[in-house]
Amino acid sequence: MDKKKKPKIAVALRYKKNQDTAPVVTASGQGRMAEKIISLARENKIPVEENAPLAEALRKLTPGQEIPVELYQAVAILLAYVMEMDTRAKKKR
């Protein structure tokens, strides 16, 4: 049985505390576009976290769109993890 590999999916989010009421999708793509999003994030030292189910849900949104309420908890967990990793990295410097 030959299983086809699903193309990679990437979604970029931003959250500006005094500007956004919820995290906003800034870019999304699959395949080569996903690889480019991930590459640019790493080049700019932006944390990258792999979460295929969340990426699949978020890729249905358009850039500039806030995440829906149904995804608040999942994105909040992700952002808390990223913030913790950022804090740890700063302490090591």
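Derivation of every value follows stated rules applied to the coordinates shown; laboratory data play no part. On a predicted model such as this, the values are computed, not experimentally measured, just so you know. Ideal geometry is used to build each Cβ from the backbone, glycine not excepted, and the neighbour counts take in all protein chains shown.
Things to note:
- Each residue in region 82-93 was checked for being within 17 Å of LYS16 (Cα to Cα) and in contact (Cβ under 8 Å) with a residue 24 or more places away in the chain, and 2 pass.
- Selection status of SER39, small (Gly, Ala, Ser), touching a residue at least 12 places away in the same chain (Cβ under 8 Å) and either over 20 Å from MET83 (Cβ atoms) or touching a helix residue (DSSP H, G or I) at 6+ places or on another chain (Cβ under 9 Å) (or both): no
- Of all residues in region 14-32, those that are without any contact (Cβ under 8 Å) to a residue 24 or more places away in the chain have Cβ atoms under 9 Å from Cβ atoms of residues that are outside any helix (DSSP H, G or I) and surrounded by fewer than 15 Cβ atoms within 10 Å (Cβ to Cβ), 6 or more apart or on another chain, in ARG14/ASP20; ARG14/THR26; ARG32/PRO7.
- Leading residue by the ranking (farthest from ILE9 (Cα to Cα)) among those in region 44-85 that are among the acidic types (Asp, Glu) and under 11 Å from the mean Cα position of the chain (by Cα): GLU49
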